[in-house]
Every structure is written in structure tokens, then in C-alpha cells.
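These notes are about the structure you will find just below.
The values are calculated or read from the model by the stated rules, or taken from the named source; none is laboratory data. Predicted model, so just to flag it, every value in this text is computed and none were measured. All Cβ positions, even for glycine, are placed from backbone atoms using ideal geometry, and neighbour counts span all protein chains on display. Side chains included, ligands, DNA and RNA excluded: accessible areas come from the protein's heavy atoms. Shrake-Rupley method; radii C 1.70, N 1.55, O 1.52, S 1.80 Å.
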Amino acid sequence: MREPDVRERYPHLVGGEWTEPAAGEYVETTDPATNEPITTVAAGTAADVDAAVAAAREAFPEWRDTDPVTRGQRVHRVAELIREHKDELAAIESLDQGKPLSQAKSDFEGAARYFEYYAGAADKLEGESIPVGTGQVDYTVREPYGVSAQIVPWNFPGNLFARGVAPALVAGNATVVKPAPTTPLSAFHLAELCYEAGIPEGAVNVVAGGGEPGEALTAHEGVDTITFTGSVPTGQAVMRSAAENVTPVTLELGGKNPAIVYPDADVEEAVGWIATAIFTNAGQVCSAADRALVHEDVYDEFVEQITDIADAYELGPGRDDPDMGPLNSAAHRDRVCEYIEQGREEGAAVAAGGGVPDREGNFVEPTVFVDVDNEMVVAQEEIFGPVLVVVPFGDDDDPIEIANDVEYGLTAGIFTNDVRRAHRDAQRLQAGNVYVNKWFGDTNQTPFGGYKKSGIGREKGFEALDSYLQTKNVAVNLERGLGDDLPGA
């Protein structure tokens, strides 16, 4: 693998310029496979956010007024540049986030596809003509909000940068991106590619740091719309902060996603999909299949197969492209281990994994809990790690009721060869995304988002553009009318 092209330090990127942090402070970012330092990154403050928002506001009119065809061409050029630099970007991401190199490459292919897909929409953001009667013309115009704040999580930092920034730019907005403090590097490199593609430099700004810049960004009067991906508690805090200025928010939050395996399913196929969906990115995926509801007739077969796969997983640094890399931080590893211990205390049995391998870094073994009751904490709360809980159900149980009996509603899966059952279940499941005989079935052009506490609004697809466009109605009177009848007329 090529060595990642990492800078010695990363100031903020404001108005296209490397900008020293207002407080002059930097923090280390570390390799989660070793916890050794990678580089230092600016520690952002509210003053840095003020500067970035000001740069975005200054760039917005130029970008808004850019011809839509030109805007689309420049955004498409970003996609081309991401593909040209995909190996370099993936190496940086694998080092910074910890995921296997092949998964990081896939993430950046997806990032390129976001810019490519939305580029084609630039000259198709049309309004409507509304029939309101003779003598009048009524129509709508779709206009950008202005400055879009993008708060990017640490599990897919490069890919989710693209998922939000691409539609925001295509709609004509300027952006301020705040990456997660543990995985900030790809945001800087992607922003530089945006500049190279001809995006106005103030239209993409990156402010690094933790809580202070995030809070300042969501409460800022100069921010017109907010996109956040992360945990439910932080999403709630974003909503409270945004409420002060009545700033619209798009939230993609957590999940506790059920995969229902019926007795007529192809068990081997179901196991393969579910193993991929819980152990990819070390389980640090909001849409992971972390709760398998398995019919008692195929329960033993399912458990035997899934534990064999879990036991066979090779762990290692992401740059070595193992089956599974480390968790992103020591703090998160400890949190996942606390859940594993709680599962044991609740009476769930560990069929695979359940421990921390004897090696440096933030690794947790792929873990499978069996004999789990859906009321257990490990079946109700998002663990966000490589931990699958297997819940049995019988003929007298309604698996849809069990599936819906959580506070989340992001994704769900159905494994069955009964097409009628699949469609009936899909209608009853309280989830924004339902997969049938597969997982991770959504693509860049399909909307993604959650029910209940899993979020507000939709990312991806044409529907995501609704988060970055507001509708103006224009009503025109073509005839002389009321003015003729007024006193003195």
C-alpha cells in the first residue's frame, strides 16, 4: 500500500486558505490500530466558525448565480478528481478511521458517485406552473437556502462529506463542514479537490474541532440549514440549538435494525448478508443489521453458520486490508465492551467473540449473542460495534411487533421466499428503508432516512435536494382590477 500523503499539520480551510485556528491550538489525531499519532489538527472555536460562515456568506451569491450547467460541470469535475485520487484518499481514510483499505476505496467510489449523480440535477431543479384561473399566472421557483452547515460523523467521514456537500452545492448553497474530531483528514483533502474543480473557495469551508465549533455552527445566525449525522442525543442537542434561529435540520441518527429470518428463507444467504451488515466497518454503521430475529425452526442452523463466520474473521490495521479493522477510538471500544458485559449480566449467551484480542489498538472481536430477549438492553440500544444479538421467535409470535419494539426506525430486513409475506411485512415495518433478501441495498439515487428517533428528512436520491432548496411562490395579476374600485381611483 502506498504511504498516505498526510500533512504535518492541518489548520482550518476557510475561504480556500489554510487558516490558523483563532486560539492557536492543535490536537493530535491518532491511528486507531495503534493509537499512535498521525498528525495534528486545528482545535476550532466559535471564532473560527464565525470566519468560516462569513466566507461562505460572501461566496454564496456568486455560486447561487452561476449558470446551472456550469455549476453541474464543476460538481461533476469533483467526481472525476475523487476517482483520480481514490487510492490516496482511501489510504488516508484507512489510517485515520481504521477501516480496511478495500472498504475505504469503496467509500470513495461512492463519494465520487454522489458528486456525479447530483451534478446531473443542476439544470433540472424546476418549479411548477399552477393553474389558478384566467387573468393570473402563478408559479413556483426553487431557490437555495444560503449557507449549509454539514456536521460529518466519524464512521464514514469521506463518503458522508460527499453525501451532504454534493447536493448542497448543486442546489447553489455554500457550505461549512465540521468533520468529527477523530477523523478530520479526508474533509480537508476533499475540500481541496472541490477548489481544484472550480467550486468557489468560500463555498466549501472546513473547520475542525469538537464540541465548541459544532455548537457554534448549529446556533449561528448566518447558517440557513443544518445537516447532521450521528447519535440521537447529539441530534436532539442540534435540534434544540437550531430552534433558536428556526433553522431547518436534516438528521440521520441511530438504529437498532432488525433482520427477520423466516423458516422458508435461504439460511446461508441470510447469514451472508447479515454477517456483512453487522461486521462491515467493525459494526460502526447506523444501518447495520445488529438484531437478527430468527424463527425457531432455523435458529440453530443460523447460529451455527453466523458464529463460524464471526470466528473466522481476520482482524488487523485497516491499511493491511483485513476482514475487520479496529474501532475508531479507545473510548468507543470501551463503550462497546461495556455493552458486551451488560449482555452477559442480562443472561444472554456469547456464541462467538465477546472479548478484546491481545494486541495493540482499539480492536473488539466479532461478537454474537444468542438466547436474547428483545427487552434486554443489548437488544434495545444501539451498540455501534461488531455485536449481533440473535432473538428467537416462534409460530405464535409476531416478528413485526418484535422488530418495531424499539425507539429507532432506520432500516430493517426480511429474509423469505414468500413474496406476499415480504410485501406485507414491508408495509408494517416502522423503518425508512426495508431490504428483502439482501442488506445495504440502497444506492446513491435511493432516498435514505429514518422513522421515529432515527431521524428527520432524507439523504441521498433526488429527495435529498429538498433539504437544500426552498420553494418560492410567485402570483401575478395580468388584469387591472381592484385598484380601479378604490376611493380616489
Legend entry - Phe393, Phe384, reordered so the largest accessible area comes first (probe 1.4 Å): Phe384, Phe393
Legend entry - Most to least packed among 61-74, 284-297 [average Cβ atoms within 10 Å]: 284-297, 61-74
Inset, instruction - Using a 1.4 Å probe over the heavy atoms of the protein chains, calculate the carbon and sulfur portion of the accessible area of the chain as a whole percent. - result: 45 percent
Inset, instruction - For Phe363, list long-range residues whose amide hydrogen, built 1.01 Å from N in the peptide plane, is under 5 Å from its own amide hydrogen. - result: Leu327
Inset, instruction - Estimate the FRET efficiency between Asp320 and Asp396 by the formula 1/(1 + (r/R0)^6), using the beta-carbon distance for r and 41 Å for R0, to the nearest 0.05. - result: 0.30
Legend entry - Spin-label model distance (nm) - Ile130 vs Asp405, 7 Å beyond Cα toward Cβ: 4.6 nm
Legend entry - Separation of alpha-carbon centers, the stretch 161-199 and the stretch 238-301, rounded to whole Å: 27 Å
Legend entry - Net charge over other residues, Cβ less than 14 angstrom from the Cβ of Val152 (K, R count +1; D, E count -1): -3
Inset, instruction - Please turn the phi angles of the stretch 150-162 into ³J(HN,Hα) values with the Karplus equation 6.51 cos²θ - 1.76 cosθ + 1.60 (θ = phi - 60°), one per residue in order, whole Hz, x for glycine and proline. - result: 10, 9, 9, x, 9, 7, 9, x, x, 5, 7, 4, 5
Inset, instruction - For a quick protection proxy, order the peptides 107-117, 338-348 by their average other-Cβ count within 10 Å, most packed first. - result: 107-117, 338-348
Legend entry - Largest to smallest accessible area among Met239, Met324, Met376 [probe 1.4 Å]: Met239, Met376, Met324
Legend entry - Contour minus Cα-Cα distance for Asp264 and Gln236 (0.36 nm per residue): 6.0 nm
Legend entry - Rotationally averaged projected area of the stretch 18-172 (alpha carbon convex hull; nm²): 11.9 nm²
Inset, instruction - Could you tell me how many degrees, from 0 to 90 and to the nearest 10, lie between the Cα long axis of helix 299-312 and the main elongation axis, the longest principal axis, of the Cα atoms of the chain? - result: 80 degrees
Inset, instruction - Give the long-range amide H neighbours of Val391: residues separated by 5 or more places, or on another chain, with amide H under 5 Å away, using H modelled in the peptide plane at 1.01 Å from N. - result: Ala292, Leu293, Val294
Legend entry - Cα→Cβ-extended label distance, 7 Å offset, between Glu28 and Asp308, nm: 4.4 nm
Inset, instruction - Identify, among Phe115, Thr175, Ser186, the residue whose Cα sits farthest towards the positive end of the charge dipole of the stretch 105-262, taking +1 on the Cβ of Lys and Arg and -1 on the Cβ of Asp and Glu, with the dipole about the Cα centre. - result: Ser186
Legend entry - For peptides 441-454, 168-181, 214-227, 189-202, sequence by mean Cβ density within 10 Å, most packed first: 168-181, 214-227, 189-202, 441-454
Legend entry - Antiparallel %, DSSP beta bridges [both residues in the stretch 234-393], to 5: 20 percent
Inset, instruction - Output the antiparallel fraction of DSSP beta bridges having both residues in the chain, as a percent to the nearest 5. - result: 40 percent
Inset, instruction - Over the chain, give the accessible area per residue in Å² for a 1.4 Å probe, as an integer. - result: 40 Å²
Inset, instruction - Grab the chain and count how many Lys pairs have their alpha-carbon atoms under 16 Å apart, sequence gap of 8 or more, or different chains. - result: 4
Inset, instruction - Give the dimensionless ratio obtained when the Cα radius of gyration of the stretch 340-406 is divided by 2.2 N^0.38 Å. - result: 1.22
Inset, instruction - Assuming R0 = 45 Å, can you tell me the calculated FRET efficiency for the pair Thr140 and Asp87, based on Cβ-Cβ distance, to the nearest 0.05? - result: 0.50
Inset, instruction - Could you pull out every residue, at least 5 positions away or on a different chain, whose amide H is within less than 5 Å of the one on Asn257? Hs are placed 1.01 Å off N in the peptide plane, and Pro or chain starts have none. - result: Asp290, Arg291
Inset, instruction - Return the percentage of antiparallel bridges among DSSP beta bridges fully within the stretch 80-235, rounded to the nearest 5 %. - result: 10 percent
Legend entry - Within the chain: Cβ-based charge dipole about Cα centre, in debye rounded to nearest 20 (Lys, Arg +1; Asp, Glu -1): 1580 debye
Inset, instruction - With a bin width of 10 angstrom, please list the P(r) values of the stretch 210-313 as percents of all Cα-Cα pairs, from the 0 bin to the one holding the largest distance. - result: 14, 33, 19, 17, 15, 3
Inset, instruction - Give a residue-ordered list of calculated ³J(HN,Hα) values for the stretch 188-194 (Karplus: 6.51 cos²θ - 1.76 cosθ + 1.60, θ = phi - 60°; whole Hz; x for Gly, Pro). - result: 5, 5, 5, 4, 4, 5, 4
Legend entry - FRET efficiency for Glu463 and Asn245, using Cβ-Cβ distance with R0 set to 22 Å, rounded to 0.05: 0.35
Inset, instruction - Work out, step by step, the length gained on full extension between Val6 and Ser106: first 0.36 nm times the residue separation, then minus their alpha carbon distance; give nm to one decimal. - result: 34.0 nm
Legend entry - From phi via Karplus (6.51, -1.76, 1.60), per-residue ³J(HN,Hα) for the stretch 105-113 in Hz, x at Gly/Pro: 4, 4, 4, 7, 5, x, 5, 4, 5
Inset, instruction - Would you calculate a helix-derived [θ] at 222 nm for the chain, using -39,500 (n - 2.57) for each DSSP H run of n ≥ 4 and dividing by the full residue count, to the nearest 500? - result: -11500 deg cm²/dmol
